Amino acid sequence: MMNQICLSDDVKNKRPSLCAYCHGLASSLLHIKNGKIKGACSMEHLKYIGEGKTMEQKQNFAQINEELLSVALSDAKPRYIELSKKNGSYVLHQWDKEDRVHFVRKLVSSYLVNSKAQADE
């Protein structure tokens, strides 16, 4: 049985990026039980997560695609320049924490979105 959930700020900030079953990119589907939040990429995997099932674990499954990393950096460059001017420095560690987090979020999000698009092709 599926429950409708209203996402609190806490859940939004702790949203998983990967499916807890297959470790693919998680969609907006969440399994929340006993305060633990698990992401799912599909309704089928959400069901499996609810049943406590997991796929065989693969070691070192994360790979970096250098071309997509370059695309993500290009996508984030305008925001980097904007935040650099706002903080009066092009040195990232001298920025306000909120601005550093925002920039890194933009960079990682761009990388993941482009990775998903590449996988869909």
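The values are calculated or read from the model by the stated rules, or taken from the named source; none is laboratory data. Since the model is a prediction, treat every value here as computed from it, not as a measurement. Cβ: placed from backbone, ideal geometry, glycine included. Neighbour counts: every protein chain shown.
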The range 75-121, subset at pLDDT 95 or above and polar (S, T, N, Q), residue farthest from the chain's Cα centre (by Cα): 89
Search the range 24-39 for residues being within 12 Å of the chain's Cα centre (by Cα) and surrounded by 15 or more Cβ atoms within 10 Å (Cβ to Cβ), and hand back the single one that is modelled with the highest pLDDT. 39
Taking the condition of being part of a loop (DSSP other than H, G, I, E, B), at pLDDT 90 or above and of a type in the set (Ser, Thr, Tyr), how many residues in the range 40-73 meet it? 1
Look through 106, 86, 116 and report the one residue that is out of contact with any helix residue (DSSP H, G or I) (no Cβ under 9 Å at 6 or more places or on another chain) and either in a helix (DSSP H, G or I) or outside the structural domain of residue 18 (by TED's automatic domain parsing) (or both). 116
